[in-house]
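What follows is a set of notes on a single structure, which appears directly below.
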Amino acid sequence: MSYQATINEVGDLVAANMSWSGISAEAVARMRLQNRFKTGLDIARYNSAIMRRDMKAYDADPSKYTQSLGCWHGFIGQQKLISIKKHFGTTDRRYLYLSGWMVAALRSEFGPLPDQSMHEKTSVPALIEELYTFLRQADSRELNLLFRDIDAARKAGDQVKEKQLIHQVENFQTHVVPVIADIDAGFGNAEATYLLAKKMIEAGACALQIENQVSDEKQCGHQDGKVTVPHEDFLQKVRACRYAFLELGVEDGIIVTRTDSLGSGLTKQIAVSKERGDLGDQYNGFLDCEEIAADELQNGDVVINRDGKLLRPKRLSSNLFQFRAGTGEDRCVLDSITSLQNGADLLWIETEKPHVEQIAGMMDRIRAVVPNAKLVYNNSPSFNWTLNFRQQVFDAWQAEGRDVSAYDRAKLMSVDYDGTDLAEEADNRIRTFQSDAAKRAGIFHHLITLPTYHTAALSTDNLAKDYFGDQGMLGYVLNVQRQEIRQGIACVKHQNMSGSDIGDDHKEYFAGEAALKAGGIHNTMNQFAA
């Protein structure tokens with residue numbers, strides 16, 4: 001419904017209730033527009049449709065990939081979207097990522113924790129709700145500025161300006177975008193996964209990312225010691241997520257299945273197999289086994305009968321079984337195909353380095369079976385991007401027969417190589433990595449899991465060095481406040497960002513001329529008007 005139509009509708013309602021004479025129909029219309037999404041389920045349904053649309057657009061044109069940045073606080077997510085709208089004018093194909101790593105490290109009541117699913121699982125839906133609270137407030141703030149400009153144009157008698165501003169209101173694009181939310185390995189069994197998935201969807205999540213590790217042995221995807229589960233165990237949790245979406249009426253919710261098999265050489269269980277070649281048998285086929293005779297059996301041995309042979313999987317002192325070395329890629333491919341054939345919408349393959357051809361090699365095999373398979377890919381800060389890409393260029397040049405004698409491959413991270421032809425070529429490959437991988441390797445969505453963890457640390461270090469050093473207050477003014485002003489950072493007017501002006505307008509709605517406002521002539525935020 002248009003702005004004016006909403007005003008007219010509310011005006012009729014107020015007119016029909018004589019005791020509501022102090023209610024402004026236009027104020028109500030503004031408040032409704034500033035609160036477009038009433039529940040988290042409204043948000044989940046809205047954003048799942050956006051992701052489905054974007055997935056379809058990517059299938060038609062792989063240059064239309066999507067991106068996101070990870071966030072650990074609602075304010076961080078809000079500022080990202082405000083910046084995106086300021087610089088690009090649209091939020092199209094830009095999402096947010098909720099990282100379980102950052103929840104563990106920054107949001108647990110236990111204090112900083114490793115990424116091992118030890119944090120409170122309720123903190124995950126709580127952060128989703130917080131993110132959307134801040135994104136909705138960004139909507140409210142930006143619309144409030146437009147409404148104030150409309151009032152100013154009316155006061156000045158500028159009808160052309162008023163119409164332009166109303167057009168902006170009518171075509172306003174929300175800051176509320178999809179959040180891909182990390183549910184780790186489900187925080188328990190399939191029922192626990194279902195219950196947590198419901199909470200996350202009710203908070204607004206339209207996309208859940210779940211991994212194939214053992215829940216109580218879960219590790220960060222870029223650390224050692226990862227233990228995977230048989231496919232059927234994992235698929236129970238995938239189905240649990242789908243049931244949660246369907247129960248809540250989010251019929252096109254997105255499930256992202258992550259395989260950690262590339263870096264995992266361990267499993268906790270031997271898969272159930274009913275016949276040769278079934279999924280359980282394929283999983284067990286990757287186990288590192290030794291052939292034994294019946295009389296060699298020892299107490300507690302687990303054995304597999306394959307083609308009349310007794311095979312004993314190698315069991316570690318931890319009671320875990322190990323896979324054969326070199327089977328990681330084959331297991332990733334099987335994991336991915338199996339997931340897509342059993343309810344997954346998108347894949348996530350956790351790799352040890354950002355290498356387009358490594359990713360593409362697996363995706364080529366997956367797409368031979370599921371042609372429209374698409375990846376969500378972690379452009380992880382756990383990778384040393386500079387070193388990895390300099391080494392990739394070094395190797396490529398060496399293979400081409402180019403002279404690389406001026407470079408030491410093991411020391412390519414050195415500042416001594418900054419500005420060299422090799423370093424510049426590596427930086428160019430980093431710059432185009434996302435578009436190259438989207439076209440070559442089927443990556444629909446590129447994300448950075450922990451960017452603001454690192455940016456917060458870097459900016460705080462720089463501020464502390466200057467402020468507590470010789471620069472004193474100039475360390476803040478020169479490198480923070482003056483840059484906010486010069487770059488048009490909305491937060492320089494932090495009172496406005498926190499909702500002070502919205503509150504003033506509400507006071508006027510409620511109290512009229514008697515309203516006691518904070519934004520008067522003595523408000524120091526007026527110093528930033530220019």
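Show which lysines lie in cross-link reach of Lys314 when reach means a straight Cα distance below 27 angstrom and same-chain residues fewer than eight apart are skipped.
Within the straight-line cut-off, Lys314 pairs with Lys218, Lys226, Lys268, Lys274.
What's the exposure ranking of Lys314, Lys374, going from fewest to most Cβ atoms within 10 Å?
By the 10 Å Cβ count, ascending: Lys314, Lys374.
Specify whether the C-alpha gyration tensor of segment 227-290 places it in the rounded, prolate or oblate class, a ≥ b ≥ c being the square roots of the eigenvalues: rounded for a/c under 1.5, otherwise prolate if a/b is larger than b/c and oblate if not.
Prolate, since a/c reaches 1.5 and a/b exceeds b/c.
Give me the percent of DSSP beta bridges within the chain that run antiparallel, rounded to the nearest 5.
DSSP beta bridges in the chain are roughly 30 percent antiparallel.
Please give the length that would be gained between Val415 and Asn35 if that part of the chain were fully extended, namely 0.36 nm times their separation in residues minus their C-alpha to C-alpha distance (nm, one decimal).
The span from Val415 to Asn35 would gain 131.7 nm if fully extended.
If amide hydrogens are placed 1.01 Å from N in the peptide plane, which non-local residues have theirs closer than 5 Å to the one on Asp182?
It is Leu98, Gly100, Gln209, by chain and number.
Tell me the net charge near Pro62. Cut-off is 13 Å between Cβ atoms, Pro62 excluded, with +1 for each Lys or Arg and -1 for each Asp or Glu.
Around Pro62, the surrounding residues sum to +3.
Tell me which lysines have Cα within less than 18 Å of Lys86's Cα, excluding those fewer than 8 residues away on the same chain?
Filter leaves Lys493.
Find out how many positive minus negative residues lie around Ile292, taking Lys and Arg as positive, Asp and Glu as negative, among other residues whose Cβ is under 14 Å from that of Ile292.
-1
How fast does segment 20-72 diffuse by Stokes-Einstein, in µm²/s, taking the Kirkwood radius from C-alpha pairs at 10 °C and 1.306 mPa s?
Roughly 110 µm²/s, to the nearest whole number.
How large is the translational diffusion coefficient of segment 331-443 in µm² per second when you combine the Kirkwood radius over alpha carbon pairs with Stokes-Einstein at 25 °C and 0.890 mPa s?
Estimated diffusion coefficient is 159 µm²/s.
Determine the relative contact order of the chain: mean sequence separation of Cα pairs under 8 Å and six or more apart, normalised by residue count, in whole percent.
Contact order relative to length: 15 percent.
With contacts defined as alpha carbon pairs under 8 Å and 6 or more residues apart, what's the relative contact order of segment 206-314 in percent?
26 percent
Under 5 Å between amide H atoms, partner at least 5 residues away or on a different chain: which partners does Val227 have, H built in plane at 1.01 Å?
Placed amide hydrogens put Val214, Gln219 under 5 Å from Val227.
Along segment 66-77, what does the Karplus equation 6.51 cos²θ - 1.76 cosθ + 1.60 (θ = phi - 60°) give for ³J(HN,Hα), rounded to whole Hz, x for Gly and Pro?
The phi angles translate into 10, 9, 7, 10, x, 8, 10, 8, x, 4, 4, x Hz.
If amide hydrogens are placed 1.01 Å from N in the peptide plane, which non-local residues have theirs closer than 5 Å to the one on Thr66?
It is His445, His446, by chain and number.
Setting aside same-chain residues fewer than 8 positions from Lys64, which lysines have a Cα under 16 Å from its Cα?
Hits, sequence-local ones excluded: Lys56, Lys374, Lys439.
Which whole-angstrom value gives the distance between the alpha carbon centres of segment 500-530 and segment 121-168?
Cα centres, segment 500-530 to segment 121-168: 16 Å.
Between their Cα atoms, which of Lys80/Lys155; Lys121/Lys353; Lys237/Lys353 are more than 31 Å away from each other?
Correct reply: Lys80/Lys155.
If a/c stays under 1.5 just call it rounded; otherwise compare a/b with b/c (prolate if a/b is bigger, oblate if not). Do that for segment 411-530, with a ≥ b ≥ c from the square roots of the Cα gyration tensor eigenvalues.
oblate
Please report the relative contact order for segment 1-142, taking Cα pairs under 8 Å with a sequence separation of at least 6, and give it as a percent rounded to a whole number.
Relative contact order for segment 1-142 comes out at 21 percent.
First select every other residue whose beta carbon is under 14 angstrom from the beta carbon of Ile82; then total the charges, Lys and Arg +1, Asp and Glu -1.
Cβ neighbours under 14 Å give a net charge of +4.
Using the Cα gyration tensor of segment 74-117, with a ≥ b ≥ c the square roots of its eigenvalues, what is the shape: rounded (a/c below 1.5), prolate (a/b larger than b/c) or oblate (neither)?
It is prolate, given that a/c is not under 1.5 and a/b is the larger ratio.
Quick one: Debye curve from the C-alpha atoms of segment 163-254, no solvent, what's log10 I(q)/I(0) at q = 0.14 Å⁻¹?
So the normalised log intensities are -0.56.
The numbers here are math on the coordinates, done by the rules we state, and not lab data. Please read all numbers here as calculations on a predicted model, not as lab measurements. Note: ideal-geometry Cβ built from the backbone for every residue, glycine included; neighbour counts use all protein chains shown.
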